[in-house]
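Here is the structure we will look at.
Computed from the coordinates by the stated procedures, all read-outs in this text should not be read as laboratory data. Keep in mind that what you see is a predicted model, and the values were worked out from it rather than measured. For neighbour counting, all protein chains shown are included, and Cβ atoms are generated from backbone atoms with ideal geometry for every residue, glycine included.
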Amino acid sequence: MGLTIGLGSGSKKKDKNWTNWLAVRDWDNPITEVTDSDFDTDCIFPSGLLFHTFIESVTLTLPKAIAIEGLCMECYQLQSVDIDVPLAEGADYAFKDCKTLNAVTLNLPAVLYVNHIFEGCINLASLNLDLSSAERANYAFCDSAIQTVNADIISGAKEASNAFAGCRNLYSLEINLGNATTADYAFYECYWLESLTINLNSLTSGEYMFSECNSLTTLVITGMSDSNTWQE
């Protein structure tokens, strides 16, 4: 349960983590801020640690964690995160449906999986992150309020299906998906997207990639060759 796995070896650390794990789920008097002092930073598997709690801000360094899947998923009052997880390979669903999240500082230099990481973050308008080590970024920003991201944010992803699907605040975007072989429905139902510049150097499957992009008037695709076979 919670922090009973992947903890430091000392019983004091386990007691501390167990106490605080229960505290963030105290609906009558919930903890709203989490920092390094609240939890064992030697935790290896903090996945789901703060799932569906009243947390409003998180500042954590987890030097030994190898996965943060669902770390803050469905934290409906979460507004800001500053998280450093240098070894984590998995970050699927980490902030999915954090509907008030609007400020993110995130260091994930070893991450391989960011599927659904910011899906449903309906107040998150801008991201300047390096998730380029990720190989899978399906649904990464789906149904979010994203308006701007840095062009190389998921440039290493081999899979980017539905990555920006349903992002209805997108008007103009430059994005590098040069490593992606699969990007089906990547911009599906981006109704207000008017201008898109995209690198698709490796794409082999892009079914319905721009479907329902009813406002798209400028589309610049680079990196395509005769060997790329896909359909809109």
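Quick notes
- Geometric extent, Cα atoms of the stretch 107-151 - Rg, Dmax (angstrom): 10.2, 27
- Using the Cβ-Cβ distance between S126 and I66 with R0 set to 30 Å, the FRET efficiency works out to roughly 0.55.
- Taking 0.692 mPa s as the viscosity and 37 °C as the temperature, the Stokes-Einstein diffusion coefficient of the chain based on its alpha-carbon Kirkwood radius rounds to 182 µm²/s.
- Here the scattering of the stretch 152-218 is modelled by Debye summation over its C-alpha atoms, one equal scatterer each and no solvent; at q = 0.13, 0.16 Å⁻¹ the log10 of I(q)/I(0) is -0.29, -0.44.
- Along each principal axis, Cα extent of the stretch 94-232, largest first, Å: 42, 34, 19
- Prolate/oblate/rounded call for the stretch 42-82, Cα gyration tensor, a/c under 1.5 rounded: oblate
- Considering helices alone, the calculated mean residue ellipticity of the chain at 222 nm is -2000 deg cm²/dmol, with DSSP H runs of length four and up weighted by -39500 (n - 2.57) and normalised per residue.
- Built from the Cα atoms of the stretch 68-134, the convex hull projects on average onto 3.6 nm², one quarter of its surface area.
- Theoretical FRET efficiency, 1/(1+(r/R0)^6), r = Cβ-Cβ of A103 and E135, R0 35 Å, to 0.05: 0.85
- Where only C-alpha atoms are counted, convex hull volume of the stretch 115-196 per residue in Å³: 67 Å³
- Label positions at T204 and T218, each projected 7 Å from the Cα along the C-beta direction, are separated by 3.4 nm.
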